[in-house]
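Following: one structure in structure tokens, then a few remarks.
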Amino acid sequence: MILAGDVGGTKCNLALFELRGGRLEPAVVRRYPSHDFEQFGQIVGKFLEDARAALGHDAGTLEAAGFGVAGPIVGRRVRATNLPWIVDGSALEQQLGTKKIVLLNDLEATGYSLAHLRPEELDTLNAGTPAPRAAQALIAAGTGLGEAILYWDGERYFVASSEGGHADFAPHTDQEIELLRYMKKSNSCVSNELILSGRGFRTVHQFLDPSVKHPGLDDPAVDPAPQIAKQGLDGTCPVCVETLHLWIAIYGSEAGNLALKALARNAVYVAGGIAVKILPKLKDGTFVRAFCDKSKLQPLLSQIPIHVVLNEQAPLLGAASQAGAAARA
């Protein structure tokens, strides 16, 4: 068995994987609210108890474990970006009884899943013309914003993690310039992540029309993003419709920026929990138009394939694949 984890600011997904027919398949998967636990080791312990109950027996000796964590990996430790946790490889070795512990940035984990996804686990926004073995790029909005670049190393794609989500927001239109001015009133630095994450929906909605209220919009403890997205999709609130449109245009523009920096001529992948939930709007052309709108480089960008990752367990699959590789090493 291989243990894999997707460790995020809102939730932690953990799974036990086994090899079936040459493919890693999950045997047990559980989701836990991150803020219900003081330390990551407590979640691991809880999962092993739940897995034992689900399987009807102990999981046995773990061959290896891999964890994708939202934060920069330094040595064998990572301080979670949106949680008061430190995930430590040495501590996990002792808890799990294996020295084959792989710590990855969460976008690294998702990146390593791409080679294992089935065609039906992707939805194409722009078919383009892929350039074999050219760079790929990955962007994912959720609790935060993750970005990664994939390079062909001669045998497979190697994933280079980044903290590009914390780079400065680059407004593209007059309206986006006004959004930046609005956000600067309460933020000394306006990063991409402040907009391109779940909490960004509240900010954009209030920027567009603070007089329109929804339940939870004024309550910091409530996440209004699901309601704003739903009403934006079904058209029941004009401000929510405009919020969703502006948010996706900014998302597409930042994805285009990432594609240019990586020269990702093979493909750009859009992952994260938000993309699947707003897929109909992602597919209406707003994202792709903003992605391609880069002056002289528009013809190049229009040829880059853009795919949405539909499998929300992709980070688990990627973490498991890297742990499996460590077990075989």
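Checking Ala91 against (1) over 16 Å from Gly324 (Cβ atoms); (2) in contact with a strand residue (DSSP E or B) (Cβ under 7 Å, 6 or more places away or on another chain); (3) not assigned by TED's automatic domain parsing to the domain that holds Pro280: exactly one of these is not met. Which one? The one condition Ala91 does not meet is (2). A Cβ distance below 8 Å, combined with a sequence gap of six or more or placement on separate chains, defines the contacts here; from region 185-199, residues that are crowded, with 19+ Cβ neighbours inside 10 Å reach residues that are of a type in the set (Phe, Trp, Tyr) in the pairs Val190/Phe169; Ser191/Phe169; Asn192/Phe169; Leu194/Phe169; Ile195/Phe169; Ile195/Trp247; Leu196/Trp247; Leu196/Tyr251. Residues Gly41, Gly45: which one is farther than 30 Å from Gly164 by Cα, in a helix (DSSP H, G or I), modelled with pLDDT of 90 or more and in the same structural domain as Gly318 (by TED's automatic domain parsing)? Matching residue, one of Gly41, Gly45: Gly45. Within the option set Ala229, Ala221, Ala170, being part of a helix (DSSP H, G or I) and surrounded by fewer than 21 Cβ atoms within 10 Å (Cβ to Cβ) holds for one residue only, Ala229. The residues of region 9-25 that are within 19 Å of Ile101 (Cβ to Cβ) and of a type outside the set (A, V, I, L, M, F, W, C), listed by number, are Asn13, Glu18.
Val239 meets each of the listed conditions (1) surrounded by fewer than 19 Cβ atoms within 10 Å (Cβ to Cβ); (2) in contact with an Asp or Glu (Cβ under 6 Å, 6 or more places away or on another chain) apart from (1).
The residues on offer are Leu55, Leu104, and the sole one that is among the aliphatic types (A, V, I, L, M), buried (at least 16 other Cβ atoms within 10 Å of the Cβ) and either modelled with pLDDT of 85 or more or within 18 Å of the chain's Cα centre (by Cα) (or both) is Leu104. Checked against (1) over 18 Å from the mean Cα position of the chain (by Cα); (2) closer than 26 Å to Val276 by Cα; (3) in contact (Cβ under 8 Å) with a residue 40 or more places away in the chain, Arg133 passes all but a single condition, namely (2). Scanning region 230-270 for residues that are among the small types (Gly, Ala, Ser) and under 30 Å from Ala115 (Cα atoms) turns up Ala249, Gly252, Ser253, Ala255, Gly256, Ala259, Ala262, Ala264, Ala267.
The values are calculated or read from the model by the stated rules, or taken from the named source; none is laboratory data. None of the values given here were measured: they were computed from a predicted structure. Cβ coordinates were reconstructed from backbone atoms using ideal geometry, including for glycine residues, and neighbour counts include every protein chain displayed.
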